[in-house]
1. Can you confirm whether the range 42-52 contains a residue that is crowded, with 21+ Cβ neighbours inside 10 Å and over 30 Å from residue 270 (Cα atoms)?
2. Only one of these conditions is not met by residue 152: (1) under 30 Å from residue 235 (Cα atoms); (2) in a helix (DSSP H, G or I); (3) in contact (Cβ under 8 Å) with a residue 12 or more places away in the chain; (4) in contact with a strand residue (DSSP E or B) (Cβ under 9 Å, 6 or more places away or on another chain). Which number is it?
3. Quickly run through the range 50-94 and pick out the residues that are within 19 Å of residue 28 (Cβ to Cβ) and in a helix (DSSP H, G or I).
4. Condition first: at pLDDT 95 or above, touching a helix residue (DSSP H, G or I) at 6+ places or on another chain (Cβ under 7 Å) and buried (at least 22 other Cβ atoms within 10 Å of the Cβ). Can you find one or more residues in the range 160-169 that meet it?
5. Specify the residue that is modelled with the lowest pLDDT; the eligible residues are those in the range 424-445 that are within 12 Å of the ligand (Cβ to nearest atom) and touching a helix residue (DSSP H, G or I) at 6+ places or on another chain (Cβ under 8 Å).
6. How about the range 133-148: which of its residues are under 24 Å from the mean Cα position of the chain (by Cα) and not in a loop (DSSP other than H, G, I, E, B)?
7. Go through the range 446-505 and tell me which strands (runs of 3 or more DSSP E), entirely inside it, have 1 or more residues that are within 16 Å of the ligand (Cβ to nearest atom), touching a residue at least 60 places away in the same chain (Cβ under 8 Å) and buried (at least 19 other Cβ atoms within 10 Å of the Cβ).
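The values are calculated or read from the model by the stated rules, or taken from the named source; none is laboratory data. Nothing here was measured: the structure is a model prediction, and the numbers come from that model. Cβ placement follows ideal geometry from the backbone for every residue including glycine, while neighbour counts extend to all protein chains displayed.
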Ligand code: GLN
């Protein structure tokens with residue numbers, strides 16, 4: 001087993017997760033079995049209850065774990081299937097240690113950060129190594145070197161790497177090399193300082209990945225090499241991507257990073273064959289067609305709040321040789337000025353998942369616009385609930401139809417709390433979570449798109465379609481074409497009389513990949529492309 005530890009310096013948001021994931025791609029394409037894992041130094045037990053404003057999207061795994069969005073990159077860039085073991089926060093570490101202490105598990109010893117917290121962290125590295133049976137485990141440490149709460153993690157990996165020996169464990173440090181306009185040059189001092197900080201802790205990086213907005217000159221590379229004590233070829237340039245994050249693996253390959261990693265870890269492998277990845281990129285950069293898709297949400301101003309949705313749309317584009325231009329639309333704006341100006345001319349409309357009542361009426365208005373103007377529509381989770389309310393109010397004439405999440409006294413609770421959710425008071429990890437079986441109706445659009453009748457999709461919700469209304473909806477052409485295992489929960493709906501109107505209670509965006517777009521996104525973009533080219537479906 002070989003270990004790569006990825007740390008970050010100078011500032012956050014350098015794309016450590018992306019770098020780790022891209023390295024994973026390269027190593028996989030060298031024939032190695034790779035696993036990835038993320039350590040997050042904050043004290044929340046998991047990111048499930050964190051505000052998207054601070055933390056971006058909550059990414060859900062098959063086993064229902066609510067995790068950091070970097071795990072989304074890991075799953076999209078490699079073939080790993082992650083579980084609750086692959087994301088560890090300080091909160092979880094401390095909770096485990098304190099619970100053991102309460103049970104008397106430390107036999108009266110003084111419980112300390114070193115060795116008890118650090119041991120707990122190392123145990124997790126070993127556990128993931130063992131369970132994954134991978135050749136290489138890449139562990140990313142969240143946060144920035146120098147953060148107080150990150151120290152136990154750094155100490156833990158320092159000790160761990162020492163134990164493994166230099167041919168089995170290496171450190172890769174992602175750092176910023178900023179361009180200072182007044183001086184007209186790239187500056188290496190922040191990198192020097194962040195490496196100095198790491199070395200103070202006892203970690204000497206083997207590889208420096210330099211994030212920059214222009215090429216590193218030979219002189220800059222030499223300077224970094226000399227002052228940071230890494231060989232010249234271990235100074236890796238990772239420039240801001242021009243078109244797409246899927247450029248990163250190719251960029252790192254050009255810098256021979258995977259070659260270096262394999263040499264350091266004494267892994268004899270052939271070079272990575274990245275031809276399929278190059279093909280993906282060609283379709284991204286120079287597609288045959290183009291569509292504009294409107295995403296109507298609540299956290300639209302945030303780069304990361306709908307990360308997987310945006311990625312899955314891009315994948316749908318790759319599958320259709322179609323560039324996807326995403327129009328991010330604030331649901332509240334639609335409430336203010338009506339849907340016409342904002343939604344006109346779009347090739348497709350998507351309403352993603354969400355919580356809380358801000359912007360709800362704007363989302364309903366967007367669904368109505370898509371239904372009435374016969375614009376391809378995809379609704380995800382809350383988006384399916386909005387489609388249900390819209391159809392109830394405007395087609396079935398159920399005045400005041402709503403979800404009990406937003407209106408407790410609605411005369412028509414077409415979306416209501418699931419039985420198993422009643423009486424729950426704890427917030428973290430208590431929704432209907434993770435992969436569940438979905439059965440698709442024979443002859444439905446969904447079954448055609450999937451090419452299957454039984455699929456597994458990831459969930460994260462408390463409310464559901466109210467079965468008391470099922471017959472009325474179906475009779476009016478609101479077809480329930482996907483249900484849970486026993487047919488009880490509505491999982492997927494489509495409109496009979498519409499070119500493409502599909503909505504699901506689950507989150508297909510979590511299982512889409514650049515080279516294997518999720519079927520619903522593939523179908524949605526295909527429909528949008530047809531619609532926008534004026535040919536109609
Ligand atoms: N708020 C809705 C529910 O809990 C939808 C959740 C979501 O979109 N993830 O059911």
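1. Yes, the conditions are met somewhere in the range 42-52.
2. The number of the failed condition is (4).
3. The answer is 70, 71, 72, 73, 74, 75, 76, 77, 86.
4. Yes, the range 160-169 has at least one match.
5. Step by step, filter the range 424-445, then rank; the result is 427.
6. Matches in the range 133-148: 136, 137, 138, 139, 140, 141.
7. Once the strands (runs of 3 or more DSSP E) in the range 446-505 are filtered for at least 1 residues that are within 16 Å of the ligand (Cβ to nearest atom), touching a residue at least 60 places away in the same chain (Cβ under 8 Å) and buried (at least 19 other Cβ atoms within 10 Å of the Cβ), what remains is 454-461, 463-465, 490-495, 501-504.
So that you can scan it fast, the table gives a plain yes or no per residue for (1) closer than 16 Å to residue 138 by Cβ; (2) in contact with a strand residue (DSSP E or B) (Cβ under 9 Å, 6 or more places away or on another chain):
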| residue | (1), (2) |
| --- | --- |
| 21 | yes, yes |
| 29 | yes, no |
| 36 | yes, yes |
| 39 | yes, yes |
| 49 | no, yes |
| 61 | no, yes |
| 66 | no, yes |
| 69 | no, yes |
| 72 | yes, yes |
